[in-house]
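The values are calculated or read from the model by the stated rules, or taken from the named source; none is laboratory data. In this text, all values refer to a predicted model and were calculated from it rather than measured experimentally. For neighbour counting, all protein chains shown are included, and Cβ atoms are generated from backbone atoms with ideal geometry for every residue, glycine included.
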Amino acid sequence: MIKAVIADSEVKRFRKWTETLSKENLKKCQRTVIKATEMMVDQSKHKAPVGKQIGSGSGILRGSIQPKYSADRLGSSVTVHANYGIYVEMGTRPHLIMPKNAKVLAWQTRTTVGKSGKTLKRSRPGPMTFASHVHHPGTQAQPFFYPVFERVQKALIKDLNRMGFK
């Protein structure tokens, strides 16, 4: 799970400032927070990769990016609930994969059927593969969350500064 959080000191300062706002400006502030949160969700979903391998590409990672609002709509968080999201965001180093509950690793490969240009029409089960261990080469980072968070946070602070938040 990935969750972006603004520092507690900043949140406290923001909350104290909102206590001084008129109802009209408080509503405007709520709309600003909601707009920033929706922007964070939309842009993160847009940047989140969808698998290109046969049998993947279900959009689970994108679908796991969800907002949550405080009751007063002056606070929010965006969370990536897919347990593998952090590995997509940060990448992984090369590592050894060993069996945990068996003597060997086993997986079924997929065979491509009906390849047309670069588009795979469908796949079917291929032969079983067995190994005592696998040297995984690691995965390259595909940042889709934190760069968006940094951009949206800067834009939010700029909008709040225009409203008088310092």
Cβ contacts < 8 Å: first residue under 20 Å from Ala7 (Cβ atoms), restricted to the stretch 140-166; second residue assigned to a helix (DSSP H, G or I) and of a type in the set (Asp, Glu), any location; separation 6+ or different chain. Result? Phe145/Glu89; Tyr146/Glu89
Odd one out for Thr79 among (1) outside any helix (DSSP H, G or I); (2) loosely packed, with under 14 Cβ neighbours inside 10 Å; (3) in contact (Cβ under 8 Å) with a residue 40 or more places away in the chain: (2)
Could you look through the stretch 21-74, keep only residues that are more than 16 Å from the chain's Cα centre (by Cα), within 26 Å of Gln142 (Cα to Cα) and charged (D, E, K, R), and pick out the one that is modelled with the lowest pLDDT? Lys52
Out of the stretch 17-46, which residues are more than 19 Å from Ser77 (Cα to Cα) and among the charged types (D, E, K, R)? Glu19, Lys23, Glu24
Answer with yes or no whether Gln43 is in contact with a helix residue (DSSP H, G or I) (Cβ under 9 Å, 6 or more places away or on another chain) and in a strand (DSSP E or B). no
